[in-house]
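For reference, the structure discussed in these notes is given below.
The values are calculated or read from the model by the stated rules, or taken from the named source; none is laboratory data. A quick note: this is a predicted structure, and the numbers were derived from the prediction, not measured. Don't worry about glycine lacking a Cβ; one is built from the backbone with ideal geometry, like all the others, and counts go over all protein chains shown. Accessible surface is based on the protein model in full, side chains and every heavy atom, while ligands, DNA and RNA are left aside. Shrake-Rupley method; radii C 1.70, N 1.55, O 1.52, S 1.80 Å.
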Amino acid sequence: MKPLHIKCFLCFDEKGFPRWLVSKNRMSEARQTLIDLMEDDMSLVNDEIEVLRRCTEGGPTKNDDTGIRFFSRQNLKPLIIMAFIMTFQQLSAINMIMAHSNDIFKTIGLPDPRMWSAAVSGGFFVFTFGSASLTDKTGRKKLLVIFAVLIALSLFVLSLGSLLKQQLHIAVDSVALSCYVISFSLAWGNVPWVLCGEIFSVEQQGRDIAIVSGINWAFNFLTVFTYTFLETQYLFIIYGICMIIAAVYVLMFLPETNGLNLYEINELFAPSPNQVRATE
């Protein structure tokens, strides 16, 4: 089974997901899809079908008020967590750097800004694809925390590089920028989107992903816009601090989902028996 590698290709068609097929009671199609993905390992296929069936049991019918389900604790808790994570993804300054790369690289003193812009784009492409196996082996939470700190350190170094002598300044900024590209690509570039496919319930997944995607785009605009009225070195410091906050937030509030099936992930956000009794 190659869970993260195949997501890159299946994410374009939600109706091809076994999860969606099971929710529509199209078991034979779901089973065949899983057989193709799991290389004919029938024990894994049967286990996964059972997990998907348990996840989709009790889902809304045509007469259900899905608004009540949307405002339930089991949906709002992962939605709030992912809203913050998507916000922090943009507060890493990634789109500000990419949108104004030539000007930024010129400002911080790197030679040939166009060459560096091309190198950065290529680095994001290569390391993002290389991160798939690392995400499964290391875990989502650990990756986000570690690389949030590394992104912050890279931004701090980039903000202070202009204080150094010319040759040392170029060397330090080159290393810091390389560290930034690798750190973002291995964690914050793809892990938030992987989490979106894991922690949202079947019933509300489409709505929840639409909401956090909208938040992501809003902060995309905000970070790009800030470049027009603040100096680059101050922006790097501000967004570096934001990534330190991101590391603390992930450490405190994001549960680790690596190695868990969908049913177990859903149970992470289910109310405790005491909370259920309190609402009765």
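Things worth noting here:
- 13 Å beta-carbon shell around A148, net charge (K/R +1, D/E -1): +3
- Computed accessible area, E256, all protein chains, 1.4 angstrom probe, square angstrom: 60
- Here each label is just a point 7 Å from Cα along the line to Cβ, and for T138 and I241 those points are 2.7 nm apart.
- With the whole protein complex present, R69 retains an accessible surface near 80 Å², based on a 1.4 Å probe.
- Between L76 and A118, the simple label model (points 7 Å from Cα in the Cβ direction) yields a spacing of 5.2 nm.
- Expressed as a whole percent, the accessible area of region 160-266 that falls on carbon and sulfur atoms is 73 (1.4 Å probe).
- For region 177-188, Karplus couplings with θ = phi - 60° (6.51, -1.76, 1.60), whole Hz, Gly/Pro x: 5, 4, 4, 4, 4, 5, 5, 5, 5, 7, 9, 6
- Taking amide H as placed 1.01 Å from N in the peptide plane, the amide H of S92 sits under 5 Å from none that are at least 5 places away or on another chain.
- In the context of the full set of protein chains, region 189-272 has a per residue accessible area of 46 Å² (1.4 Å probe).
- Neighbourhood charge, 9 Å Cβ-Cβ cut-off, centred on F269 and excluding it, Lys, Arg +1 and Asp, Glu -1: +1
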